[in-house]
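Here's the structure we're looking at; comments come further down.
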Amino acid sequence: MPIHTIGDSHSCNGWGNEIIKHHLGAILCYSFGKEKLNRCDIRNFNIKDDDTIVFCLGEIDCRCHINKHITETTSYKDIINTIIDNYFEAIELNVSISQIKLKNICVYNVVPPIQKCNTVENPAYPYLGTDEERKRYVLYFNEKLKEKCIEKKYILFDVYDNYIDENGYLRKDLSDNNVHIRDGIYINKFIKENNL
């Protein structure tokens with residue numbers, strides 16, 4: 001049965017040609033969660049009964065946005081908790097209103113962060129926070145994704161550990177030399193092992 005990815009550029013990079021990709025643009029998980037069906041309505045994507053969907057959002061939030069919203073009274077965990085709650089509300093709304101009987105509902109992990117010192121920075125999407133801070137954001141984001149997937153009985157599409165180097169950053173040999181996975185070897189393995 002077909003697999004559909006839905007989300008930012010990570011819904012396109014690393015996925016095989018047989019995957020049906022629905023790129024929403026450089027969209028924040030925050031925006032997806034806040035704007036709900038106004039931002040994404042899966043009824044527009046020709047998804048059918050017994051298909052699998054994989055929501056792929058959050059990397060841009062962790063790289064470019066969370067850091068600038070931290071205050072003395074609002075921690076990165078507070079920010080991420082709110083983003084995740086809204087994200088899953090938007091997923092649930094999409095699934096329920098579509099009335100599609102999906103084979104699987106998956107949520108993709110946020111891919112490992114990059115190190116600023118060895119990756120070209122796009123000024124439109126700056127790396128906010130130190131490498132270690134951004135790594136903390138990603139790890140906590142993924143921890144909350146896992147909790148919510150367990151709660152909602154979704155599948156966490158988790159290939160994170162396969163794509164980290166010895167320092168916990170995105171492996172250069174499997175990346176596009178930027179923030180994306182290029183080599184989908186472990187994505188394909190996850191699909192096969194989990195019969196998606």
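The values are calculated or read from the model by the stated rules, or taken from the named source; none is laboratory data. These numbers come from a predicted model, not from an experiment. Quick reminder, even Gly has a Cβ in these numbers, built from the backbone with ideal geometry, and neighbours come from all protein chains shown. In case anyone asks, the SASA skips ligands and DNA or RNA and just uses the protein heavy atoms, side chains included. Shrake-Rupley method; radii C 1.70, N 1.55, O 1.52, S 1.80 Å.
Inspect all residues belonging to the range 45-58 and state whether any of them is part of a helix (DSSP H, G or I) and under 17 Å from the mean Cα position of the chain (by Cα). No, there is no match, as no residue in the range 45-58 is part of a helix (DSSP H, G or I) and under 17 Å from the mean Cα position of the chain (by Cα).
Taking the condition within 20 Å of CYS149 (Cα to Cα) and surrounded by fewer than 14 Cβ atoms within 10 Å (Cβ to Cβ), does ASP61 pass? The answer is no for ASP61. Report whether or not VAL107 is open to solvent by less than 10 Å² (accessible area, probe 1.4 Å), of a type outside the set (Phe, Trp, Tyr) and closer than 17 Å to GLY7 by Cα. Here the answer is yes, as VAL107 does meet what is asked.
If the condition is being within 16 Å of the chain's Cα centre (by Cα) and crowded, with 16+ Cβ neighbours inside 10 Å, then the range 80-103 contributes ILE80, ILE83, ILE84, ASN86, TYR87, PHE88, ALA90, ILE91. Screening ILE155 against (1) more than 15 Å from the chain's Cα centre (by Cα); (2) open to solvent by 30 Å² or more (accessible area, probe 1.4 Å) leaves a single unmet condition, (1). When you look at ASN162, is it open to solvent by 50 Å² or more (accessible area, probe 1.4 Å), at pLDDT 95 or above, over 16 Å from VAL107 (Cα atoms) and assigned to a helix (DSSP H, G or I), yes or no? Taking the combined requirement at face value, the residue satisfies it.
Check whether at least one residue in the range 176-194 is touching a residue at least 12 places away in the same chain (Cβ under 8 Å), hydroxyl-bearing (Ser, Thr, Tyr) and not in a helix (DSSP H, G or I), and report yes or no. No: zero hits.
Return yes when GLU143 is over 19 Å from GLY14 (Cα atoms) and surrounded by fewer than 16 Cβ atoms within 10 Å (Cβ to Cβ) and no when it is not. Judged against the criteria, GLU143 is a match. Being farther than 21 Å from ILE79 by Cβ and assigned to a helix (DSSP H, G or I) is a property that LYS135 lacks. Residue check: ARG136 meets all listed conditions (1) among the charged types (D, E, K, R); (2) farther than 24 Å from ILE84 by Cα; (3) touching a residue at least 24 places away in the same chain (Cβ under 8 Å); (4) open to solvent by 80 Å² or more (accessible area, probe 1.4 Å) but one, namely (2).
Take the residues of the range 1-41 that are of a type in the set (S, T, N, Q) and in contact (Cβ under 8 Å) with a residue 12 or more places away in the chain: which is surrounded by the most Cβ atoms within 10 Å (Cβ to Cβ)?
THR5
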